[in-house]
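Note sheet for the following structure.
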Amino acid sequence: MFIQTESTPNPATLKFLPGQTVLEMGTADFPTADAAGSSPLAQRIFAVSGVTGVFFGNDFVTVTKADTVEWDHIKPAILGAVMEHFQSGQPVISEGGEQASGHAEHTGEDGEIVNQIKELLDSRVRPAVAQDGGDITFHGFDRGVVYLHMQGACAGCPSSTLTLKMGIENLLRHYIPEVTEVRPVAV
């Protein structure tokens, strides 16, 4: 098994490509080791000292490290954990384990606007941020303000504010006049 790695715009996050499907559908975010209970793969990765976050996409795993450790010191152990997991035959997420499907549900009078927001995020934004090892999902809409949840390499990325304000906010405001602002949320 050959696992490729790619840097991301977030220097604390590295993207691992195992050359096979990680998740059939959706994404899974494990911002802490305590959150990794449903995933044997995430548990193996968190066992590496210095790992602070794990995120799964369709064909990649992104790992976030603490500022106090260097990639040169922990990357070989992470590669070993990923390889060992895929060779073990265990599932990425255990039966009944939680897996994010993406966007939050929205009930209310703005249903049509929210559907347009989600469609633009799915068609224009999410494929681009997946290339960088992350995901951005809809969290809410209130009085013109869109709330988005940043995951994987996007969470804590130095350029995430610029991405939100200059990229996503401008895109949404262009296509949906009711949108006035985009803000990040921490979940």
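The values are calculated or read from the model by the stated rules, or taken from the named source; none is laboratory data. None of these values were measured; they are calculated from a predicted model. Positions of Cβ are generated from backbone atoms using ideal geometry, with glycine treated the same way; all protein chains shown enter the neighbour counts. Each accessible area value is taken on the protein alone, full model and side chains, heavy atoms only, with ligands, DNA and RNA left out. Shrake-Rupley method; radii C 1.70, N 1.55, O 1.52, S 1.80 Å.
For the options Ser160, Ser88, Ser38, a Gaussian network treatment of the chain with springs between C-alpha atoms closer than 10 Å singles out Ser88 as fluctuating the most. I want the local charge near Val48. Using Cβ-Cβ distances under 11 Å, sum +1 for each Lys or Arg and -1 for each Asp or Glu among the other residues. It works out to a net charge of +3. Annotation: amide H of Thr52 within the under-5 Å range of Thr64, Lys65, Ala66, sequence separation 5 or more or interchain, hydrogens built in the peptide plane.
Placing unit charges on the Cβ atoms only, positive for Lys and Arg and negative for Asp and Glu, gives the chain a dipole magnitude near 440 debye about its Cα centre. Between Ala155, Ala128, Ala42, the residue with the greatest mean-square fluctuation in the GNM of the chain (Cα pairs under 10 Å linked by springs) is Ala128. On full extension, the segment bounded by Asp122 and Asn58 gains 21.6 nm, given 0.36 nm per residue less the C-alpha separation.
Longest stretch of the chain clear of exposed loop sites (GluC sites (Glu not before Pro), DSSP loop, at most 14 other Cβ atoms within 10 Å, sites excluded): 110-187.
Accessible surface calculations at 1.4 Å, restricted to protein heavy atoms, place the chain at 52 Å² per residue.
Against the chain, whose longest principal axis comes from its Cα atoms, helix 111-120 is set at around 50 degrees.
For the chain, the carbon plus sulfur part of the accessible surface works out to 49%, probe radius 1.4 Å. Our summary gives the chain a relative contact order of 22 percent, counting only alpha carbon pairs under 8 angstrom and 6 or more residues apart.
For the stretch 111-152, which trypsin sites (Lys or Arg not before Pro) are in a loop by DSSP, counting at most 14 other Cβ atoms within 10 Å? Here the trypsin sites (Lys or Arg not before Pro) that fit, given the DSSP loop and packing criteria, are Arg143.
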